[in-house]
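Here's the structure we're looking at; comments come further down.
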Ligand code: BTN
């Protein structure tokens, strides 16, 4: 039995839509601090200071991308599976809209035709008693014209670029919310299935890679992921290094 399912409201029980915000992450945390809880979804048409992993800037021009943050209150052991569930929910949505399959780049990028279409950011707080609260941020390139952004050419793609026409961002968002609820529930009731579906499409595995960490860059071969989605990197010395975070590029 999935206890979560009975105790927690559904994701999207409350959806707050904004026009322009600095970051939906901050708005979601503000709502959390003023008493909102699990399932609240914050959406914005534009972010002026959208953020990505490693404190990178995340581009969000008006109505170009989906900018979503979701308050979640999972059991602590489910926390590492949340970005993975989000990757699967994005891939489900893109597949249903474009008919195309996605692959993943460790830790949490979603790629189509080898280019990034979506990224995930998880911020969490854990009390000394182990109670966990998180804001899951999902950015997805829906209607952005990649050709107008020189820094994204060859690196990113969008739904509109794949379909060669604009798509309805509201329908995209509704699909993500529905798929996220399904994948979140699955990651609680059957974490092994969630991990298996994700890692079977993890393009990083088997590759010689560089991983940028806050402490510097290391090189090795991506061997596999463990049951928390951590990467096992085989170093040139033969030793295995277990990684929780990092920015991966293929080593040439
Ligand atoms: C990454 O790939 O580095 C993660 C990008 C996450 C971007 C999303 S957009 C919605 C939410 N608000 C933010 O400021 N960031 C996340």
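Given the condition touching a residue at least 12 places away in the same chain (Cβ under 8 Å), part of a helix (DSSP H, G or I) and out of contact with any strand residue (DSSP E or B) (no Cβ under 8 Å at 6 or more places or on another chain), answer yes or no: does some residue in the stretch 225-237 qualify?
Looking for residues that are touching a residue at least 12 places away in the same chain (Cβ under 8 Å), part of a helix (DSSP H, G or I) and out of contact with any strand residue (DSSP E or B) (no Cβ under 8 Å at 6 or more places or on another chain), one finds none in the stretch 225-237, hence no.
If I go through the stretch 191-207 residue by residue, how many of them are surrounded by fewer than 13 Cβ atoms within 10 Å (Cβ to Cβ) and outside any helix (DSSP H, G or I)? Steps first, answer last, please.
Narrowing the stretch 191-207 to residues surrounded by fewer than 13 Cβ atoms within 10 Å (Cβ to Cβ): 192-193, 196, 200, 206.
Subsequent filtering for residues that are outside any helix (DSSP H, G or I) retains 200, 206.
Residues that pass the stated criteria total 2.
Across the stretch 30-58, what is the total count of residues that are within 14 Å of the ligand (Cβ to nearest atom), touching a strand residue (DSSP E or B) at 6+ places or on another chain (Cβ under 7 Å) and assigned to a loop (DSSP other than H, G, I, E, B)?
4
Could you check the stretch 17-32 and list, in sequence order, the residues that are under 22 Å from residue 125 (Cα atoms), under 20 Å from the mean Cα position of the chain (by Cα) and surrounded by fewer than 18 Cβ atoms within 10 Å (Cβ to Cβ)?
Across the stretch 17-32, the qualifying residues are 22, 26.
Please find, among 39, 50, the residue that is under 18 Å from residue 139 (Cβ atoms), touching a helix residue (DSSP H, G or I) at 6+ places or on another chain (Cβ under 9 Å) and at pLDDT 95 or above.
Details: 39 fails: under 18 Å from residue 139 (Cβ atoms).
Within the list 39, 50, the selection yields 50.
Looking for something under 12 Å from residue 133 (Cα atoms), within 11 Å of the ligand (Cβ to nearest atom) and either in contact (Cβ under 8 Å) with a residue 60 or more places away in the chain or crowded, with 18+ Cβ neighbours inside 10 Å (or both) - is there at least one such residue anywhere in the stretch 66-74?
Step one: list which residues in the stretch 66-74 are under 12 Å from residue 133 (Cα atoms), which gives 70-74.
Now restrict to residues that are within 11 Å of the ligand (Cβ to nearest atom): 70.
Next, from what is left, pick out any that are either in contact (Cβ under 8 Å) with a residue 60 or more places away in the chain or crowded, with 18+ Cβ neighbours inside 10 Å (or both): 70.
Scanning the stretch 66-74 turns up at least one residue that is under 12 Å from residue 133 (Cα atoms), within 11 Å of the ligand (Cβ to nearest atom) and either in contact (Cβ under 8 Å) with a residue 60 or more places away in the chain or crowded, with 18+ Cβ neighbours inside 10 Å (or both).
The values are calculated or read from the model by the stated rules, or taken from the named source; none is laboratory data. Just so you know, these numbers come straight off a predicted model, no measurement behind them. Note: ideal-geometry Cβ built from the backbone for every residue, glycine included; neighbour counts use all protein chains shown.
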